[in-house]
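A short write-up of the structure that comes next.
The values are calculated or read from the model by the stated rules, or taken from the named source; none is laboratory data. No experiment lies behind these values; they were computed from the predicted model shown. Cβ: placed from backbone, ideal geometry, glycine included. Neighbour counts: every protein chain shown. To get the accessible areas, we keep the full protein, side chains included, count just its heavy atoms, and leave off ligands, DNA and RNA. Shrake-Rupley method; radii C 1.70, N 1.55, O 1.52, S 1.80 Å.
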Amino acid sequence: MAERRSAREVLTLVADPGSFGELPYPAGRPKPDGPLGWRGYDASRARAAERTGEEESVVCGTARVAGTPAVLIAFEFGFLGGSLGERTGDRLEAAYTHARAHRLPVVPLIATGGSRMQEGMVALSQLQRVARQSALTREAGLPQIAVVRDPTTGGGWATLGAGADVVLALPGAQVGFAGSRVRPADADPAAYTAEGQVAVGSADAVVRPGELRETLGQWLRLLTTPAQEAPAPPALGTPDLPDTGWEAVRRARSPERPRAAAYLDAYFTHRRDISGDRCGGTDTDGMLCGFGERNGRTVAFAAQTGAATRPAGYRTAARLIRLADRLDIPVLTLVDTPGAANDAEAERQGAGAAIAEVFGAVASARVPITTLVIGEGGSGGALALSAPGNTWATPDSYFSVIAPELAAAILKRREEDVETTAEQLRIRPQDLVELGVIEGIVHHPRPKVTSPPPPG
C-alpha cells in the first residue's frame, strides 16, 4: 500500500514554501444529519473534523509550484474517506470559479473513496457539478493536471482524475473506478493500481513523492508558456539528396539514420511525455507525444519512431493535438513510419477510426502545426500526421502513396521491378518539392565560421 498523506502534508509536498493561501469557502450550515436526515451523520462529521482538523474533505487554495501559480485542490482522505458531499461540491465549484477568474491552472491532488453514502443521490449529483466546472475550465483554455494518490476511486477518479489533461500518479496508489469493497472478488488487483492505469493509457506517469513538486512545476510551466510557432528542426542525417527512388527508400530504412528521439533531444531543452489514448491503449514503441521547452517556450510534439503505428498511437497523437490546440500551443509532428499497423488486432482496435481522428485533429487545429518527414513516409498512416501546406522533409526520407514493394505487387509486377516502381512513384524529397507535396527540404545547420585573428 502507498503511503497516505493528509491534505496539508501533500500541499506541503507540492507548494513552494510559504506560498499556499487557502481560499474562502461558501457560507452556510448543513442541514441536521445531512440532506437525507441520516441519523448519526452529524456525529460522524464531528469526529472526522476532530481527527483531521478539517471541516470538509477538500482543502482548496492558491500556491506556487516550482514558481508557477496554480489552484490546488487537496483531498483529505481522513475526513470520511475523502468522499464527495454537497459541501465538497460547493468548495470545488468555488475553486474552479476562482481559477477561471484569475486565469490559473487547476491541480487536483486526489485521495477519495467516491461519493458520500450518508448524502445519497445528493452526493452523487456533485459529480455533475464537478464535470461542469471542469468543462468550463477546459473551454477557458486552462490546463488541469491531476495527481492521483492512494486511494483514488469512484466518481473522483472518473471526473477530477481521469478527466484531467495530464494525469500523474503516486507509486502503488490504488486507482480505479471500482473501490476495493465493490469490485469482483476474483478481479486482478494489479488493474486497480497507478502502475496498471499507466500501462493501459489511463494515466501518463508514475511520479515519486520526492520528485512531485519539480515534475508538477515543469508540467505547469510547459502548459502555460506557449511558443508562437514550431519551426522545423534541421536535418541530423546524411546531407546529400538521393539519386534514385530506391536509394531514398534504402536511406530512410537504414538503422544508422537518426530517429525521433534524436530529433526531439536536439530540438528541446527538456520535454515531458504524455502516454496513452485514454481508451485502454498505449503505443510507446511507435509514437512519442508530449510537450517540450524550446528557447524558454513550449512546443507540443507527436513523433513517429520508425515502427508501424498502432491505433493507440494515433489516438494518443490526436489527444495531444487537441490538447495543444486548446492551450494555444504550436505542434511539431515528425513522420517516420512504414505505415499504419495492418494486422488483425489493429483492425479490431479500430485502425481506420484512429487514423481518422488524427486527420480530423490536424485539419481542425487553429494553432500552427509543422511537419518534418525524417524517415519513411508510408501511405495514409504517415499522411495523417502531416500538416497541409507546412510539411518539410530531410534528405534521408521519402514519402509514398504506398511502399514500392506493395505497389509492385498491386500492379502485378515482378520482384526485380521494385526499384523501377520506386523511381516511377517519384518519392524522393526533391520529387516531392517539385510535385508541390512538401514545402522544402531541411538541411544540416551551417557551422559557424570564425575569422582568424589578424596577424601580429
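Of all residues in the stretch 288-303, those that are under 12 Å from residue 273 (Cα atoms) have Cβ atoms under 6 Å from Cβ atoms of residues that are assigned to a strand (DSSP E or B) and acidic (Asp, Glu), 6 or more apart or on another chain, in 290/273.
Among the residues of the stretch 258-267, is any over 26 Å from the mean Cα position of the chain (by Cα), in contact (Cβ under 8 Å) with a residue 60 or more places away in the chain, surrounded by fewer than 20 Cβ atoms within 10 Å (Cβ to Cβ) and within 21 Å of residue 444 (Cα to Cα)? No, because not a single residue in the stretch 258-267 is over 26 Å from the mean Cα position of the chain (by Cα), in contact (Cβ under 8 Å) with a residue 60 or more places away in the chain, surrounded by fewer than 20 Cβ atoms within 10 Å (Cβ to Cβ) and within 21 Å of residue 444 (Cα to Cα). Could you tell me whether the stretch 308-315 includes any residue that is aromatic (Phe, Trp, Tyr) and assigned to a helix (DSSP H, G or I)? Yes; the residues of the stretch 308-315 include at least one that is aromatic (Phe, Trp, Tyr) and assigned to a helix (DSSP H, G or I). Within the stretch 16-27, residues that are farther than 11 Å from residue 71 by Cβ have Cβ atoms under 9 Å from residues that are small (Gly, Ala, Ser) and in a loop (DSSP other than H, G, I, E, B) in these pairs: 16/66; 16/67, counting only partners at least 6 apart in sequence or on another chain. Selection of the stretch 93-110 for residues being free of Cβ contacts under 8 Å to residues at least 60 places away in the same chain and open to solvent by less than 50 Å² (accessible area, probe 1.4 Å) yields 96, 99, 104, 106, 108, 110. Return the residue satisfying two criteria in turn: it lies in the stretch 66-94 and is out of contact with any Pro (no Cβ under 9 Å at 6 or more places or on another chain) and of a type in the set (A, V, I, L, M), and of such residues it is nearest to residue 27 (Cα to Cα). Among them, the one singled out is 84. Between a first residue in the stretch 144-156 that is closer than 15 Å to residue 133 by Cα and a second residue that is modelled with pLDDT under 90 and surrounded by fewer than 24 Cβ atoms within 10 Å (Cβ to Cβ), which pairs have beta carbons less than 9 Å apart while being 6 or more apart in sequence or on different chains? Note: pairs meeting the criteria are 155/177. Specify the residue that is least open to solvent (accessible area, probe 1.4 Å); the eligible residues are those in the stretch 16-54 that are under 39 Å from the mean Cα position of the chain (by Cα) and aliphatic (A, V, I, L, M). Taking the candidates together, the pick is 48. Residue pairs whose Cβ atoms lie under 6 Å apart, separated by 6 or more positions or on different chains, with the first residue in the stretch 304-322 and at positive phi and touching a residue at least 12 places away in the same chain (Cβ under 8 Å) and the second open to solvent by 20 Å² or more (accessible area, probe 1.4 Å) and not in a helix (DSSP H, G or I), are 306/259. Just to be sure I understand the filter: pairs with C-beta atoms under 6 Å, separated by 6 or more residues or on different chains, first member in the stretch 174-197 and open to solvent by less than 90 Å² (accessible area, probe 1.4 Å), second member acidic (Asp, Glu) and at pLDDT 75 or above. Which pairs pass? From residues that are open to solvent by less than 90 Å² (accessible area, probe 1.4 Å), the pairs are 174/150.
Listed by first and then second residue, the pairs linking a residue in the stretch 243-256 that is among the aromatic types (Phe, Trp, Tyr) to a residue that is open to solvent by 60 Å² or more (accessible area, probe 1.4 Å) and assigned to a helix (DSSP H, G or I), with Cβ atoms under 6 Å apart and 6 or more places separating them unless they lie on different chains, are 246/419. The numbered conditions (1) closer than 19 Å to residue 318 by Cβ; (2) touching a helix residue (DSSP H, G or I) at 6+ places or on another chain (Cβ under 9 Å); (3) surrounded by fewer than 21 Cβ atoms within 10 Å (Cβ to Cβ) are all true for residue 363 except (2). The set of residues in the stretch 193-245 being among the hydrophobic types (A, V, I, L, M, F, W, C) and assigned to a helix (DSSP H, G or I) consists of 194, 198, 199, 212, 216, 219, 220, 222, 223. Consider residue 139 carefully, then state whether it is closer than 14 Å to residue 56 by Cα and either touching a Phe, Trp or Tyr at 6+ places or on another chain (Cβ under 6 Å) or of a type in the set (D, E, K, R) (or both). So residue 139 fails the test. The residue that is least open to solvent (accessible area, probe 1.4 Å), among those in the stretch 338-359 that are in contact (Cβ under 8 Å) with a residue 60 or more places away in the chain and under 24 Å from residue 404 (Cβ atoms), is 339. Touching a helix residue (DSSP H, G or I) at 6+ places or on another chain (Cβ under 9 Å), at pLDDT 95 or above and not aliphatic (A, V, I, L, M): does that describe residue 296? Spelling it out, it is not the case that residue 296 is touching a helix residue (DSSP H, G or I) at 6+ places or on another chain (Cβ under 9 Å), at pLDDT 95 or above and not aliphatic (A, V, I, L, M). If you go through the stretch 306-329 and pick out every residue that is surrounded by fewer than 24 Cβ atoms within 10 Å (Cβ to Cβ) and basic (Lys, Arg), you end up with 3. Look through the stretch 393-425, keep the residues that are aliphatic (A, V, I, L, M) and assigned to a loop (DSSP other than H, G, I, E, B), and return whichever of them is surrounded by the fewest Cβ atoms within 10 Å (Cβ to Cβ). Among them, the one singled out is 411. Summed over the stretch 361-381, residues that are within 26 Å of residue 226 (Cα to Cα), assigned to a helix (DSSP H, G or I) and more than 18 Å from the chain's Cα centre (by Cα) total 2. Residues that are of a type outside the set (S, T, N, Q), modelled with pLDDT under 95, open to solvent by 20 Å² or more (accessible area, probe 1.4 Å) and in contact with a helix residue (DSSP H, G or I) (Cβ under 7 Å, 6 or more places away or on another chain): does the stretch 211-233 have at least one? No, the conditions are met nowhere in the stretch 211-233.
Here the stretch 4-15 is the region considered, the condition is being open to solvent by 30 Å² or more (accessible area, probe 1.4 Å) and part of a loop (DSSP other than H, G, I, E, B), and the residue that is farthest from residue 59 (Cα to Cα) is 4. Checking each residue in the stretch 68-82 for being touching a strand residue (DSSP E or B) at 6+ places or on another chain (Cβ under 8 Å) and open to solvent by 10 Å² or more (accessible area, probe 1.4 Å) picks out 69, 76, 77, 81.
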